[in-house]
Amino acid sequence: MHPEGPFSRMRRLFLATLAVASPAWGGPPNDVTISAMGSWEGAPLADPPTEQYDALVEDLAALVANPGALPAATTGAAGFDAIAGNTFGFPRPYAGDDPTGWELSHPDGKPADWTSTLGFMARKGLPWGFEVGARGGWIAGSSQGVFGGFVRLAPLEHSKPAPDLSLTAGYATYVGNPELAMGVLDLDATIGSRFRLAYFKGVTIAHWEPWFTFGVLRATATPRVADDVAQRSGAVSYGGKNADEPAMWLLRYSAGFQVTTNDVAMRWSFDWAPRAMPTLTIGLGVAL
């Protein structure tokens, strides 16, 4: 038998990651339902759950936003990469007798402790340190998903010993939910560097790229339900011309790393917005 190579090991780990999400595939739809938030365990709530709705929008902003899952350096003018991956979201813990916004927005009141967004991310380098990319995904166990795009500029890259630095502006939308329209703008600054991980006879065959990202998210949300239903559900609109409240802003911190072996890349990244759910993204693909 031939020894297992780096690509085979990465592939096996990635398939195992996807398998973790498989229970959600076969279950009932796990759609976020705004019209369900006015009641709990079959009885109407005494007061509109305004705070719970706000917390739900914050959690969804973290889930919808483009993850901070990119190295600081671009792919270069001749470069391209495409990564298939899974973003796990972890809603804030349920505590006490009062239901959370996440619980209220699921009609059965028993949502999963985590979410799984299966999707892809691709990016293409351009001259002068620019890069463009796109991302799409499906929230497992639901009829809902996300689509987004971004543009990046790396004014400092491949200038060792100085670290790489890139600036990113992106936008992502929440799709497939007839009761909630949502979009999230992300503005990020990423610092990181690329290190030789493995080499053979003087030829580098693997690299390791850690990074840290600091950014902000600007979320807009508009409930698409009747006025009386929105009032019972505590739902208001954020951002936009006729919104009830200004757009919601969230700080976000991200850290991750990419391992590249020949033309195969694997990424791990963790995003944390203090007021929203944290997310973990794992991906595998090609980097040319």
Condition check: surrounded by 14 or more Cβ atoms within 10 Å (Cβ to Cβ), of a type in the set (Val, Ile, Thr) and over 17 Å from the mean Cα position of the chain (by Cα). Does THR281 satisfy that?
no
When both residues are 6+ apart or on different chains and their Cβ atoms are under 8 Å apart, which pairs have a first residue that lies in region 174-195 and is over 26 Å from THR213 (Cα atoms) and modelled with pLDDT under 95, and a second that is charged (D, E, K, R) and assigned to a strand (DSSP E or B)?
none
Inspect all residues belonging to region 240-259 and state whether any of them is surrounded by fewer than 22 Cβ atoms within 10 Å (Cβ to Cβ) and among the polar types (S, T, N, Q).
yes
Testing GLY101 on (1) buried (at least 21 other Cβ atoms within 10 Å of the Cβ); (2) of a type outside the set (Lys, Arg); (3) without any contact (Cβ under 8 Å) to a residue 24 or more places away in the chain, one condition comes back false. Which one is that?
(3)
Any residue that is among the small types (Gly, Ala, Ser), out of contact with any Cys (no Cβ under 6 Å at 6 or more places or on another chain) and surrounded by 16 or more Cβ atoms within 10 Å (Cβ to Cβ) - is there at least one of those in region 186-197?
yes
For region 60-88, what are the residues that are farther than 17 Å from VAL259 by Cα and crowded, with 24+ Cβ neighbours inside 10 Å?
LEU60, ALA61, ALA62, LEU63, VAL64, ALA65, ASN66, PRO67, THR87
Of everything in region 128-143, what is modelled with pLDDT under 95 and not hydrophobic (A, V, I, L, M, F, W, C)? Give them in sequence order.
GLY129, GLY141, SER142, SER143
Take TRP211 and tell me if it is surrounded by fewer than 20 Cβ atoms within 10 Å (Cβ to Cβ), modelled with pLDDT of 95 or more, in a strand (DSSP E or B) and under 17 Å from the mean Cα position of the chain (by Cα).
no
Here is a list of conditions, (1) in contact with a Phe, Trp or Tyr (Cβ under 8 Å, 6 or more places away or on another chain); (2) modelled with pLDDT of 90 or more, and ALA73 meets all of them except one; can you say which number that is?
(1)
Qualifying position, being among the small types (Gly, Ala, Ser), assigned to a loop (DSSP other than H, G, I, E, B) and in contact (Cβ under 8 Å) with a residue 40 or more places away in the chain, among ALA243, ALA219, ALA276:
ALA276
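The values are calculated or read from the model by the stated rules, or taken from the named source; none is laboratory data. Worth saying up front: this structure is predicted, and the values here are computed from it rather than measured. Heads up, the Cβs are rebuilt from the backbone with ideal geometry, glycines too, and the neighbour counts pull from every protein chain shown.
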